[in-house]
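Read through the structure below, which is laid out as structure tokens, and then see the notes.
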Amino acid sequence: MNYIVLDLEWNQSNTGLEGTVQRLPFEIIEIGAIKLDEGRIMVSEFSELIKPEVYREMHQITSRLIHLQMQELERGRPFAEVAGRFLQWCGEEPYKFCTWGGMDLTELQRNMRYYNMEPLSDGPFAFYDVQKLFSLAFEDGKSRKALEYAVDFLEIEKDIPFHRAFSDAYYTAEVLKRIVGEKPQVLKNVSYDVFHPPADRKSEIKVQFDNYMKYISRGFADKAEVFEDKEVISSKCYLCHRNLRKKLRWFSANGRNYYCLAYCEKHGYLKGKIRIRHSDDDRIYVVKTTKLITPEEAAVVRERSAHARELHRRRSLNARRQES
């Protein structure tokens with residue numbers, strides 16, 4: 001299997017929200033990529049500029065960060081042509097995309113849809129988030145550091161400037177090579193691009209990692225439908241697969257992230273977390289993680305639940321006061 005290490009640069013409206021095209025908030029202006037074979041040897045590279053069609057003025061932050069001028073981009077090729085060449089370059093052999101962070105594949109697919117190209121997939125697909133893998137391999141597993149930080153941490157030679165698509169793909173590939181060479185076990189922690197959520201229940205994602213379980217649901221019409229679904233609201237121990245009785249039912253302080261607390265007599269406390277996500281077709285899906293935690297961590301969840309109840313109480317009280 002090959003690794004396609006991808007990096008993108010994109011532009012956006014220079015006049016704020018009023019100048020933003022809703023279906024394309026970020027227009028890709030450069031694609032850079034490195035292809036590694038199974039032995040982590042670089043076998044090919046890809047680098048092309050893209051001629052803008054939507055945002056014809058460079059956003060000031062973009063220009064300052066990547067040192068590209070609109071005059072240079074005018075010499076590029078149209079997005080559909082460059083993206084088509086890139087996908088052809090990826091080849092017929094099996095490969096996995098690798099990116100620094102989780103945004104590039106989403107924006108690539110959004111741009112492809114805008115130009116009526118065939119999608120990369122009709123549902124979620126696995127990829128390597130090298131930023132996350134670096135944290136799992138060499139730090140606490142939770143922090144997310146800049147690419148240049150990782151390069152300095154690993155003492156990788158910096159022989160080309162950062163913040164261009166090809167150079168950042170090159171450095172990401174160098175970091176990935178070190179991860180695979182020194183901590184290959186972290187490659188079990190694949191990420192999932194969910195630009196296209198699962199189409200139906202059979203397509204939903206359920207995957208178990210070393211210390212937690214992840215579930216990605218199909219789309220729902222609204223939150224009410226979400227929390228009527230038994231699979232979404234269930235709490236199962238991912239080690240013994242028992243359905244657990246909740247100590248704390250699902251609660252939320254902000255309406256986006258929901259938590260619950262359950263208890264397994266064999267393995268202890270389990271924390272559930274639901275993240276509410278909106279797909280581009282105006283439906284709702286959830287990413288649910290369940291993780292075994294210590295009694296001390298369970299106490300923190302109880303405190304969070306009490307805080308959420310207090311917030312709801314205050315909001316209800318304020319609402320009644322405004323009505324009166």
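Looking only at helices (runs of 4 or more DSSP H) that lie completely in the stretch 98-172, which have at least 3 residues being surrounded by fewer than 18 Cβ atoms within 10 Å (Cβ to Cβ) and of a type outside the set (D, E)? Steps first, answer last, please.
Details: elements: 104-114, 130-138, 147-153.
Ranges flagged: 104-114.
Restricting attention to the stretch 310-318, does a residue exist that is touching a residue at least 24 places away in the same chain (Cβ under 8 Å) and surrounded by 15 or more Cβ atoms within 10 Å (Cβ to Cβ)?
The answer is no, given that none of the residues of the stretch 310-318 is touching a residue at least 24 places away in the same chain (Cβ under 8 Å) and surrounded by 15 or more Cβ atoms within 10 Å (Cβ to Cβ).
Yes or no: R201 free of Cβ contacts under 8 Å to residues at least 40 places away in the same chain and closer than 30 Å to R113 by Cα?
For R201, the condition - free of Cβ contacts under 8 Å to residues at least 40 places away in the same chain and closer than 30 Å to R113 by Cα - is met.
Inside the stretch 173-222, can you point out the residues that are surrounded by fewer than 16 Cβ atoms within 10 Å (Cβ to Cβ) and of a type in the set (G, A, S)?
G181, A199, S203, A221
Could you please tell me which pairs satisfy a Cβ distance under 6 Å, a separation of 6+ or placement on different chains, a first residue in the stretch 129-144 that is β-branched (V, I, T), and a second residue that is surrounded by fewer than 20 Cβ atoms within 10 Å (Cβ to Cβ) and part of a loop (DSSP other than H, G, I, E, B)?
Pairs found: none.
Bear in mind that the values in this text are calculations on the coordinates, not laboratory data. Remember, it's a predicted structure, so these values are computed and weren't measured experimentally. Using ideal geometry, Cβ is built from the backbone for each residue, glycine included, and neighbour counts are taken over all protein chains shown.
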